[in-house]
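Worksheet: the structure to be examined is printed underneath.
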Amino acid sequence: MEGKTPMHLPKKWWIGLPVLFGLAYFAQGALTPRLEDDLRAAILSRVAQSPDAIDRPEVRISGRDVVLAGISLSPDVKAQLLAALGVETPARRIIDATQPLSRATPFVLRLERRGGKAMISGNLPPTGARERLRAEIAALGLEVSDSAAYADGAPQSFPDLASFAVRRLAELDPATTTMTDATLAVSGEARSAADYEKALAALKASPFKSAVKVEVSPPRVSPYVFSAAARDGVISLSGHLPSDDLRKQVIAMAASVGAGAAVSDATELGAGAPAGDFAGALAFAVSELGKLSQGKVAVSDGKIIIEGQGRQNILGETIRADAKARLPSGFEIARLDVMAGPMTPYVFSAQRAGGDVTLTGYAPDEAVRNRLVETARRNFFDAKVVDRLMIAKGAPQNFAEATDHSLAALARLDEGKLAVSDSNISLAGVARHQSARAEIAASFADTLPQSFRGEAQLSTRIVGSPLDASQCAAALSELLAKSPIVFPSDDSAIAAESAPLIDAIAATALRCPGTTFEIAAHTDNVGIAEVNLGRSKRRAQAVVERLAKAGLDPFRIIAVGYGGERPIASNDSDENRARNRRVEIVVK
């Protein structure tokens, strides 16, 4: 045909067909896995939209055929899902390989809390329970770990019982709640005393009644402390107790020992009470509180603390003796600070034996106690004062003044005993010489305050064997080395506290026949020399007169005053000037 180029047709066109088929085959092989993955993803996405249909779904694809496996949760919901998959996905055929939901016997769900995490395990029904349960736990601020499996056989009360169990996780940590069919077991430790009370109230008011078993303990407390205080007609309880039953017992004990006092209870329940008979330790502590007019007792772990003011005739030693007899093993008195209560009778005694003067009985306060001890130390120049006084109320009026006078009288005895019982005072003992006995006996009752009655039963020590001049001088020097003869400042009268020393000097001098005595008085350098000289002469004369009154021959005693002429130390300090103010006795 003119004007057209003829088409060239090869005679062997079929030679290219194998190549074409090969390209098509390899193209299909490369596309098939991607198409299957897309189909699998589409199937799983659609299954996820029906969570109540199949649990733990698995998808296997062969070409356009789909095999769907897993646990069938709801036959009806699953049927709707399969129908939807046939329409909404490019699958040619969907094969149902799911297994029916197994029945759990018994049906068990366990919820646990450890700190900020909650664990779900056991069985859940396929009715949206998992989502509700996880949401309720998350609302408590807990991180949820879920390993529960779907199962058939949940009790009808499951939703309410599960929610009740979740709420207990808010109050307990650690906590375990276990549902077994229609029963619930709750165990754990309350997070606080308030949570413990709340948990107990909720469990007690539970609508499930006998279906709930409880093993809940209060929060652990350390240190474990209980205390009870009595003041102004009220006994206040605070701290921790391990059970409500023991709390009721303690309240009853407090009311009993309180003698009509109101009881205010602020205790909280707590675990961690010390080992041993804790209830017995509490009973001891509360009973001892009853011995205090006001005060406090505390049990801190295994230590007992008792402090306050005792009732009448109650001493700290009374309580210590009670503890020794009644305190359970494993508990001990850590601190006992009890001021003795009003004592009847109110007693005080002082006994001189050998080189000691022992004070026992009571003083109304520390000031009076110190005053009596100091009085004894001033007057008993040659004895050691042993203080065993206790502070106690109930002293009669003018007690300190009466006891001061009585101690001064006892100090003039070589040995003896002073006894005060309320307003009655007795003095018994041996005077150093006859004149001292007569003087003490005559003045003892008269020097006491009017509200006191005094009685003295005295004898006189037999004069010892005679002393020669050297022995006499040594004995007198030894006495004066123990204490100087004291004169009030700028006065020549001998101080009352030196009466025991004068008695001892007289008793010694009476054992020195055929000797004469020079009583030499000295002063320091303060003041005018002539005045000091006159003062020293008057002081020496005062000693002479006291010795003569004691029975010493006045013609054998000479008074000499040297003023400040013969110092034994430089007058550059108060201590040295005091050494220079002295009385010496020279035996001739």
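What angle do you read, to the nearest 10 degrees and between 0 and 90, between the alpha-carbon axis of helix 499-509 and the longest principal axis of the chain?
For 499-509 against the chain, the angle is about 50 degrees.
Say each of Leu336 and Thr183 gets a label point 7 Å from the Cα, pointing the same way as Cα to Cβ; how far apart are those two points in nm?
5.3
For every helix of n ≥ 4 consecutive DSSP H residues, a contribution of -39,500 (n - 2.57) applies; sum these over the chain, divide by its total residues, and give [θ] at 222 nm rounded to the nearest 500 deg cm²/dmol.
Value at 222 nm, helices only, nearest 500: -11500 deg cm²/dmol.
With r as the distance between the Cβ atoms of Ala201 and Asp387 and R0 = 60 Å, compute the FRET efficiency 1/(1 + (r/R0)^6) and round to 0.05. Kindly include the intermediate steps, with their values, before the conclusion.
Values: r = 59 Å, r/R0 = 0.98.
My answer for the efficiency is 0.55.
Once both labels are modelled 7 Å past Cα along the beta-carbon direction, what's the Asp38-Asn571 spacing in nm?
Those two pseudo-labels are separated by 12.9 nm.
Taking 8 Å as the Cα distance limit and 6 or more residues as the minimum spacing, I'd like the relative contact order of the range 469-587 as a percentage.
Worked out over the range 469-587, it gives 33 percent.
Report the relative contact order of the range 347-460, percent, no decimals, based on alpha-carbon pairs under 8 angstrom and at least 6 residues apart.
25
Given 0.36 nm per residue, what is the gain on full extension from Val560 to Arg220 after removing their alpha carbon distance, in nm?
113.9 nm
First measure r as the distance between the Cβ atoms of Glu518 and Asp232, then evaluate 1/(1 + (r/R0)^6) with R0 = 60 Å and state the FRET efficiency to the nearest 0.05.
Between Glu518 and Asp232 the formula returns 0.30.
With every protein chain left in place, what is the accessible area per residue of the chain in square angstrom, probe 1.4 Å?
Value returned for the chain: 52 Å² of accessible area per residue.
What is the spin-label model distance, in nm, from Asp491 to Ala283 if the labels are put 7 Å beyond Cα along the C-beta direction?
According to this spin-label approximation, the distance is 6.4 nm.
Quick one: putting +1 on the C-beta of Lys and Arg, -1 on the C-beta of Asp and Glu, what dipole do you get for the chain around its Cα centre, in Debye to the nearest 20?
My answer is approximately 1040 debye.
Computing the accessible area with a 1.4 Å probe over protein heavy atoms, can you report the carbon and sulfur percentage for the chain?
Solvent-exposed carbon and sulfur of the chain make up 53 percent of the total.
Just for the range 469-587, what percent of DSSP beta bridges are antiparallel, to the closest 5? Don't jump to the answer; show the numbers that get you there.
On the way: 6 of 11 bridges.
Restricted to the range 469-587, the bridges split so that about 55 percent are antiparallel.
DSSP beta bridges in the chain, what fraction antiparallel, as a percent rounded to 5?
Looking only at bridges with both residues in the chain, the antiparallel portion is about 55 percent.
Relative contact order for the chain: what is it in percent, counting Cα pairs under 8 Å that are at least 6 residues apart?
6
Mind giving me the FRET efficiency for Ala548 and Ser300? R0 is 56 Å, r the Cβ-Cβ distance, nearest 0.05 is fine.
After rounding, the FRET efficiency stands at 0.25.
Please work out whether the range 444-486 counts as rounded, prolate or oblate from its C-alpha gyration tensor, where a ≥ b ≥ c are the square roots of the eigenvalues and a/c under 1.5 means rounded, while otherwise a/b larger than b/c means prolate and anything else oblate? Could the numbers behind the result be given before it?
Working: a/c = 6.24, a/b = 2.04, b/c = 3.06.
Oblate.
Grab the Cα-Cα distance for Glu366 and Leu140, subtract it from 0.36 nm times how many residues apart they are, and report the gain in nm with one decimal.
Working it through step by step, the gained length comes to 75.3 nm.
Just one of (1) 32; (2) 56; (3) 12 is percent of Cα pairs over 48 Å apart calculated from these coordinates, so which is it?
After the calculation, the listed value that fits is (2).
Specify the angular offset, from 0 to 90 degrees and rounded to the nearest 10, of the alpha carbon long axis of helix 17-48 from the longest principal axis of the alpha carbons in the chain.
Roughly 50 degrees, rounded to the nearest 10.
Given the options Ser102, Thr358, Gly514, identify the residue whose Cα lies farthest towards the positive end of the charge dipole of the chain (+1 on Cβ of Lys, Arg; -1 on Cβ of Asp, Glu).
Ser102
Using only Cα atoms, tell me the angle between helix 244-257 and the longest principal axis of the chain; keep it within 0 to 90° and round to the nearest 10.
Rounded to the nearest ten degrees, it is 20.
Output the pairs from Lys417/Lys549; Lys291/Lys324; Lys384/Lys417 with a Cα-Cα distance over 18 Å in this structure; if there are none, say none. Don't skip to the answer; put the middle values down first.
Values: Lys417/Lys549 25 Å; Lys291/Lys324 16 Å; Lys384/Lys417 15 Å.
Checking Cα-Cα distances, Lys417/Lys549 exceed 18 Å.
Need the full-extension length gain, Glu317 to Ala69, defined as separation in residues times 0.36 nm minus the C-alpha distance. One decimal, nm.
The span from Glu317 to Ala69 would gain 80.8 nm if fully extended.
The values are calculated or read from the model by the stated rules, or taken from the named source; none is laboratory data. Computed from a predicted model, the values in this text were never measured in an experiment. Virtual Cβ from ideal backbone geometry, glycine too; neighbours counted across all protein chains shown. Note: accessible area is taken over every heavy atom of the protein model, side chains too, but ligands, DNA and RNA are not part of it. Shrake-Rupley method; radii C 1.70, N 1.55, O 1.52, S 1.80 Å.
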